[in-house]
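The values are calculated or read from the model by the stated rules, or taken from the named source; none is laboratory data. As the structure is a prediction and not an experimental result, all values here were calculated from the model. Note that we place each Cβ from the backbone using ideal geometry, even for glycine, and neighbour counts take in every protein chain shown.
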Amino acid sequence: MHNMDLTIYPTETPASSGPKLTISQVLSYFETTLKKKNNYVRLVKQYIIFCQQKDYLFDMISYNLYTVGQWPSQKTPIKRFVKFADEHGIHQALPDPPAYSLPPAANTLVLGFLDDAKNLTDGSKETYLKSLNDFFFFLELEVKNNHQSGLSGRGFSGRTVVRYVAWLKKETPDRSPCSPFTVSLRLSAVKQLASWIISHRHKIAVPLNAEQLDALRDVAEVRGPRLDHQFHKDGLSETQRETLLSVVDNAKWCAIVALLAYEGLRTIEVTRLQYKDIDFKEMKLWVLGKGQDIKVQIRLFTPCANYLKAYIACLPQGISPNASLFSELNTGQIRYHVGKYLKIAGLKTNRVSAHSLRHTAAQILIAKGVEPMYVQQHLRHKDFSTTQIYVTQQTNKEYFHHLSEDI
């Protein structure tokens, strides 16, 4: 983890001229130069963070180092920002200060937990960091409100987490209530932290007695809000899936879209694929799932296999079986390109994205009469309740089809 100590923030920039602005301030000024809403700010933020980590200036040298291997569409906003920074004498930026600080003990736990989470991407770690910061902020509020909280006593307990969930759902003068999806996400992060503390209690710096351990074990029993199907992305029909693939203009992206839409892989799972993970003889695919360290095998469907064969035929011979199937591919590139192809095919809506292709695979399997337990195994759902969402969606479709006429 780089620059993750939330309690230490620099008070001045490295030796350089120009305004001493934070990341958010620099991005805010840059955004005013953009004529329309786009993803420039998000891409530029990653470049700024890169420069901070390397102690680089905003110039063409750092631009060239950062954009090696990137697509032209990713280079354009960075180049524009470098020009903007040069015109205004902005050479570096300060990190954004935290909205609140964590107690030292909480800071140690969060950083230790995230450092051990080897299977989380940097984006996922940032999400978990925000969620856990929010939880400990809530504990600090309880301290101020004369509740028994903090990291001592029963502060981190099932009962406290129940109150935290209720607090997330509640509207206050300075914050809106969180959606059920956000509540579930933050609750999941808190539960995983509690589990990590229990399993690492002999290594961490914060001693725990038997009462505190029991309080932490209670966290696992806290129930989150029920996620209705409206919080999930829409899938495509079989015809729409074929329409999407028909507009993809090269073998690589045909293979990627097929892995998403036929096999139901997550974007992160596509980036992790190696050549040895494909078994054309047995028609199997080995997948390293989200947050997992062991690959599982799933059925490789013939249409997807054909797209994969066409892609591999375009590549040089003698590639190592351990090599990445799609070198230098990240989830952001997948989301961008799939979104582009969805627009070309006339299928892009607010509820249709790259992740919708995973839903597409699930929904089509259910519609074809595949037993839900096999769909669960194919999609590697931990809980059957997730698979049940697709069964419910299919039931709703059949309901309107069978009752299409008045009685």
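See the values below:
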| item | result |
| --- | --- |
| Top-ranked residue in region 36-67 [being among the polar types (S, T, N, Q) and either in contact (Cβ under 8 Å) with a residue 40 or more places away in the chain or part of a loop (DSSP other than H, G, I, E, B) (or both); ranked as nearest to Leu329 (Cα to Cα)] | Thr67 |
| Filter result for the condition that a residue is in a helix (DSSP H, G or I), touching a residue at least 40 places away in the same chain (Cβ under 8 Å), surrounded by 16 or more Cβ atoms within 10 Å (Cβ to Cβ) and at negative phi, over Val270, Val287 | Val270 |
| Matching residues, region 332-364, being among the β-branched types (Val, Ile, Thr), surrounded by fewer than 17 Cβ atoms within 10 Å (Cβ to Cβ) and at pLDDT below 90 | Thr349 |
| Enumeration of residues in region 138-159 that are part of a helix (DSSP H, G or I), more than 19 Å from Phe181 (Cβ to Cβ), modelled with pLDDT of 85 or more and of a type outside the set (Lys, Arg) | Gly158 |
| Only listed residue being over 19 Å from Gln333 (Cα atoms), assigned to a loop (DSSP other than H, G, I, E, B) and modelled with pLDDT under 85, chosen from Thr11, Thr33 | Thr11 |
| Every pair of residues 6+ apart whose Cβ atoms lie under 6 Å, when the first sits in region 68-91 and is assigned by TED's automatic domain parsing to the domain that holds Asn39 while the second is among the acidic types (Asp, Glu) | Gly69/Glu328 |
| For Leu347: the one exception among (1) more than 13 Å from Ala261 (Cβ to Cβ); (2) assigned to a loop (DSSP other than H, G, I, E, B); (3) over 17 Å from the mean Cα position of the chain (by Cα) | (1) |
